[in-house]
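Quick note: the coordinates plus some simple rules give every number you see, no bench work behind them. Remember, it's a predicted structure, so these values are computed and weren't measured experimentally. Here the Cβ positions follow ideal geometry from the backbone for every residue, glycine too, while neighbour counts run over all protein chains shown.
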Amino acid sequence: YFSNYDGVVHCAMDGWSSPLVSSYLGVVISWWRDGKLRRATLDFLKLKASHTGQYQAETVYRTFEWFGL
């Protein structure tokens, strides 16, 4: 869907831990298309390693690659 899109795509992320000590990262995006603001949840990831910036960046990068961003 995004491989031919030449506009700007904005990303927001939020991470949290459940009471059972599982950690998650939500990735949402927004973009303009056909004069309308579009929004989508791109991914909801269970984090399997330490919450370092490097790990989170690599995880989100793989998600972007998967969706052609």
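Karplus-based coupling profile of the range 13-18, in residue order and whole Hz: 9, 9, x, 7, 10, 7, with θ = phi - 60° in 6.51 cos²θ - 1.76 cosθ + 1.60 and x standing for Gly or Pro.
For residue 42, the residues 5 or more places off, or on other chains, whose built amide H falls under 5 Å of its own are 27, 28, 29. 3J(HN,Hα) along the range 26-35, derived from phi through the Karplus expression 6.51 cos²θ - 1.76 cosθ + 1.60 where θ = phi - 60°, amounts to x, 10, 10, 10, 9, 7, 9, 8, 6, x Hz, with x in place of Gly and Pro. Only one residue of 3, 64, 20 has its Cα farthest out toward the positive end of the dipole of the chain, where Lys and Arg carry +1 and Asp and Glu -1 on Cβ, and that residue is 20.
Using only Cα coordinates, the Kirkwood hydrodynamic radius of the chain works out to 13.2 Å. A Cβ-based charge dipole, computed about the Cα centre of the chain with Lys and Arg at +1 and Asp and Glu at -1, lands at about 160 debye.
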